[in-house]
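**Student:** Okay, handing you the structure first.
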Amino acid sequence: MKLATIKDGSRDGKLVVVSRDLTLATEAFNIAPSLQKALDDWDRAAPKLTDLAVGLEHRSVPSFRFHEHECASPLPRAYQWADGSAYVNHVELVRKARGAEMPESFWTDPLMYQGGSDSFLAPRDPIAMADEAWGIDMEAEVAVVTGDVPMGISAQDARQFIRLIMLVNDVSLRALIPAELAKGFGFFQSKPSSAFSPVAVTPDELGEAWDGGRLHLPLHVDLNGKPFGRANAGIDMTFDFADLIAHAARTRPLAAGSIIGSGTVSNKGPDGDPGRPVDEG
């Protein structure tokens, strides 16, 4: 099923179920007023939301026209937003661009930082910044939303706690990153609010494209209406989402509604090179 949050003036918005063709939606307030409430009580809420989704497809429940611009992030705020760098090709390219060495451990131990999760951008809202000199950049990612994950979970067992999958535009301020990382204390000002896709989907909605830990589909990125990136999210993912969840939960439990990001989706070229721009094929 597909779930979305409609802006209604409240902090957490209004949960709706969206049709598979993204044209219609139906309110889910009788099941859960918000997506976070549904995740908190997933075993009870998920079957009821699934029934509502079936009713929507059969046009047997009240519905209204679905418009992406009316959506907040599926989770307008979350208890946790932890972003990894599962596509190590991207890490290698970024470090090379700023003249930094690439430690071998990056291929065996996931990178992850804890981002701000108290105010996500709506998917179609502008990205507002006080100064363009901060170097506003976009990063296309995939993310999963978890249920309650026990501390110390293994990667093998972590897959069962993936509730939803969505896309991310992880906003970075490139001009602020070098000085911030030089302090040795990680990102903060250089990682403002991120934006997520208008809908979040359950794993079964993706069929064979979802293998339990990776999404095997091309991620279409356009900039000002022109093709910018066409990397495949299922290729060159050094650590899958089960690995990332286990890494995040090594020393703490994760609360239902935690968001785990893949990091920028990045593929090597066919000859092992960094890959080529879209306009070069």
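The values are calculated or read from the model by the stated rules, or taken from the named source; none is laboratory data. Here the structure is a predicted model, which means the values were calculated and not measured. Note that we place each Cβ from the backbone using ideal geometry, even for glycine, and neighbour counts take in every protein chain shown. To get the accessible areas, we keep the full protein, side chains included, count just its heavy atoms, and leave off ligands, DNA and RNA. Shrake-Rupley method; radii C 1.70, N 1.55, O 1.52, S 1.80 Å.
**Student:** Considering only residues that are touching a strand residue (DSSP E or B) at 6+ places or on another chain (Cβ under 8 Å), part of a helix (DSSP H, G or I) and open to solvent by less than 30 Å² (accessible area, probe 1.4 Å), which ones fall in segment 29-38?
**Tutor:** Once the filter is applied, which keeps residues that are touching a strand residue (DSSP E or B) at 6+ places or on another chain (Cβ under 8 Å), part of a helix (DSSP H, G or I) and open to solvent by less than 30 Å² (accessible area, probe 1.4 Å), segment 29-38 yields 35, 38.
**Student:** Please work out which residue is nearest to residue 98 (Cα to Cα), limiting yourself to segment 162-190 and to residues that are open to solvent by 30 Å² or more (accessible area, probe 1.4 Å) and either charged (D, E, K, R) or part of a helix (DSSP H, G or I) (or both).
**Tutor:** Among those that are open to solvent by 30 Å² or more (accessible area, probe 1.4 Å) and either charged (D, E, K, R) or part of a helix (DSSP H, G or I) (or both), it is 178.
**Student:** Kindly check whether there is at least one residue in segment 143-158 that is in contact with a Leu (Cβ under 9 Å, 6 or more places away or on another chain), part of a loop (DSSP other than H, G, I, E, B), β-branched (Val, Ile, Thr) and open to solvent by 60 Å² or more (accessible area, probe 1.4 Å).
**Tutor:** no
**Student:** Is it true that residue 250 is without any contact (Cβ under 8 Å) to a residue 40 or more places away in the chain, basic (Lys, Arg) and either part of a helix (DSSP H, G or I) or open to solvent by 20 Å² or more (accessible area, probe 1.4 Å) (or both)?
**Tutor:** no
**Student:** I'd like the residue in segment 52-82 that is in contact (Cβ under 8 Å) with a residue 40 or more places away in the chain and more than 23 Å from residue 40 (Cβ to Cβ) and, out of all such residues, is surrounded by the fewest Cβ atoms within 10 Å (Cβ to Cβ).
**Tutor:** 65
**Student:** Still on this structure: Consider only pairs whose beta carbons are under 9 Å apart and that are at least six residues apart or on different chains; among these, list those whose first residue lies in segment 267-281 and is under 15 Å from residue 221 (Cα atoms) and whose second residue is open to solvent by 100 Å² or more (accessible area, probe 1.4 Å).
**Tutor:** Going by the 9 Å Cβ cut-off, the qualifying pairs are 277/228; 278/226; 278/228; 279/226.
**Student:** Shifting gears a bit: Within segment 210-228, how many residues turn out to be among the aliphatic types (A, V, I, L, M) and within 19 Å of residue 158 (Cα to Cα)?
**Tutor:** Counting residues in segment 210-228 that are among the aliphatic types (A, V, I, L, M) and within 19 Å of residue 158 (Cα to Cα) gives 1.
**Student:** Here's something else I'd like to know. Checking the condition open to solvent by less than 70 Å² (accessible area, probe 1.4 Å), farther than 22 Å from residue 207 by Cα and free of Cβ contacts under 8 Å to residues at least 12 places away in the same chain, which residue from 8, 41 passes?
**Tutor:** Step by step, each of 8, 41 is checked, and only 41 is open to solvent by less than 70 Å² (accessible area, probe 1.4 Å), farther than 22 Å from residue 207 by Cα and free of Cβ contacts under 8 Å to residues at least 12 places away in the same chain.
**Student:** Return yes when residue 260 is under 21 Å from residue 74 (Cα atoms) and assigned to a helix (DSSP H, G or I) and no when it is not.
**Tutor:** Values: under 21 Å from residue 74 (Cα atoms): yes; assigned to a helix (DSSP H, G or I): no.
Judged against the criteria, residue 260 is not a match.
**Student:** Among (1) farther than 22 Å from residue 262 by Cα; (2) of a type outside the set (Gly, Ala, Ser); (3) assigned to a helix (DSSP H, G or I); (4) open to solvent by less than 60 Å² (accessible area, probe 1.4 Å), there is one condition residue 48 misses while meeting the rest; what is its number?
**Tutor:** Result: residue 48 fails condition (4) only.
Condition check ((1) loosely packed, with under 15 Cβ neighbours inside 10 Å; (2) out of contact with any helix residue (DSSP H, G or I) (no Cβ under 8 Å at 6 or more places or on another chain); (3) under 21 Å from residue 1 (Cα atoms); (4) not polar (S, T, N, Q)) across all residues:
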| position | (1), (2), (3), (4) |
| --- | --- |
| 194 | no, yes, no, no |
| 197 | no, yes, yes, no |
| 205 | no, yes, yes, yes |
| 208 | yes, yes, yes, yes |
| 211 | yes, yes, yes, yes |
| 243 | no, no, no, yes |
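**Student:** Only one residue in 269, 213, 207 is of a type in the set (Gly, Ala, Ser) and modelled with pLDDT under 95. Which one? Steps first, answer last, please.
**Tutor:** Numbers: 213 fails: modelled with pLDDT under 95; 207 fails: modelled with pLDDT under 95.
On inspection, the qualifying residue turns out to be 269.
**Student:** Quickly run through segment 87-108 and pick out the residues that are open to solvent by 60 Å² or more (accessible area, probe 1.4 Å), without any contact (Cβ under 8 Å) to a residue 60 or more places away in the chain and part of a loop (DSSP other than H, G, I, E, B).
**Tutor:** 99, 101, 108
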